[in-house]
1. Could you check how many residues of the stretch 194-248 are of a type in the set (F, W, Y) and in contact with a Pro (Cβ under 9 Å, 6 or more places away or on another chain)?
2. Quick one: which residue in V108, V169, V124 is at pLDDT 95 or above and part of a helix (DSSP H, G or I)?
3. Would you mind telling me which numbered condition in (1) part of a helix (DSSP H, G or I); (2) polar (S, T, N, Q); (3) open to solvent by less than 40 Å² (accessible area, probe 1.4 Å) N136 fails?
4. Return the total of residues in the stretch 179-205 being under 23 Å from M104 (Cβ atoms) and surrounded by 15 or more Cβ atoms within 10 Å (Cβ to Cβ).
5. Of the residues in the stretch 235-254, how many are assigned to a helix (DSSP H, G or I), farther than 10 Å from S269 by Cβ and either of a type in the set (D, E) or open to solvent by 70 Å² or more (accessible area, probe 1.4 Å) (or both)?
6. Report, by residue number, each residue of the stretch 194-228 that is farther than 22 Å from C159 by Cβ and touching a residue at least 40 places away in the same chain (Cβ under 8 Å).
7. Go through (1) under 27 Å from A161 (Cβ atoms); (2) at pLDDT 95 or above for A251 and report which single condition fails.
Amino acid sequence: MGNLSLAISNMSNSLITNINALVDSTARENRIKGELGVAYDIQMGMLPGKESIPRSPLYEISAFIHPAKEVGGDFYDVFRLGEDRLVITIGDVSDKGVPAAMFMSICVTLLRQLYKGADSIETVFRDVNSCLSERNPNMMFVTLFSMIVNTLTGDFCFCNAGHCPPLIVREKGLMVLEHLSGPALGVMEGADYLLGSGHLDPGDYLFIYTDGISEAQNEENKFFGEERIRNVLEQRHYNSAKSQVYSILDAIVEFRGQADQSDDMTMLSFRRAENGAAPEPPKTGDLS
């Protein structure tokens, strides 16, 4: 009886200890979730939302972003550069979670500040790359596409640092912007970046995305792929930038089935208005 009483006492003490440990663990988990929730709000607050994306009768823009974890490394940005020019950027950091979110915040801040004083997109990319490469102990990097579009003429210039090639959807077909300006930012100090250029006719769409879209996986671990993206865009079951974005999203959801999201997902659609004006264009790449 003495041994049984001692065993019951020990079991009670162990049970109390385990309950206290579970309570502490749950509290820590809830605190971490709360902090990550705040981090998510801060991260999303850095990006232009539905109400803060620039609006104009000359164009329409729609964007979608959804991290694979509480926070992530994908980002996009849209802001005016003078009266008639618009900067559109999308990026993908080489990691997920909190480290990627911190690196992403640095990238967004650098880009916004450098665009204010730079004389070309190439200069912006070189300066961002230099800053990221200088102190980067974890060897993180970001693929980046950034463009300046003249909203009156439809002319645009861009740099692409290792990012997924954007797509232009026209009435007569689809065009891939295959020009690669240079390597991902943060990989190699002193890298050069070359400017690309193009033109959007009235009614044209520009669709940009991160590899979380093309590499979305289904239950059989197959990728959604670039071909499916192009098929959805070419079928044109949409009549606005927003409906184009959600056409891709609906196709991914149907393809993925019950499989979990494996990577951050971001995409943006820019559509030039049907009645877009076309005055004399500015010098290509000029940020003044």
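1. Within the stretch 194-248, residues that are of a type in the set (F, W, Y) and in contact with a Pro (Cβ under 9 Å, 6 or more places away or on another chain) number 2.
2. V124
3. So the condition that N136 fails would be (1).
4. Selection size over the stretch 179-205: 10.
5. Of the residues in the stretch 235-254, 4 are assigned to a helix (DSSP H, G or I), farther than 10 Å from S269 by Cβ and either of a type in the set (D, E) or open to solvent by 70 Å² or more (accessible area, probe 1.4 Å) (or both).
6. Answer for the stretch 194-228, where residues must be farther than 22 Å from C159 by Cβ and touching a residue at least 40 places away in the same chain (Cβ under 8 Å): D201, P202, G203, E215, A216, Q217, N218, E219.
7. (1)
The values are calculated or read from the model by the stated rules, or taken from the named source; none is laboratory data. Remember, it's a predicted structure, so these values are computed and weren't measured experimentally. Here Cβ is always computed from backbone atoms with ideal geometry, including for glycine, and neighbour counts include all displayed protein chains. The accessibility values were calculated without ligands, DNA or RNA, using every heavy atom of the protein model including side chains. Shrake-Rupley method; radii C 1.70, N 1.55, O 1.52, S 1.80 Å.
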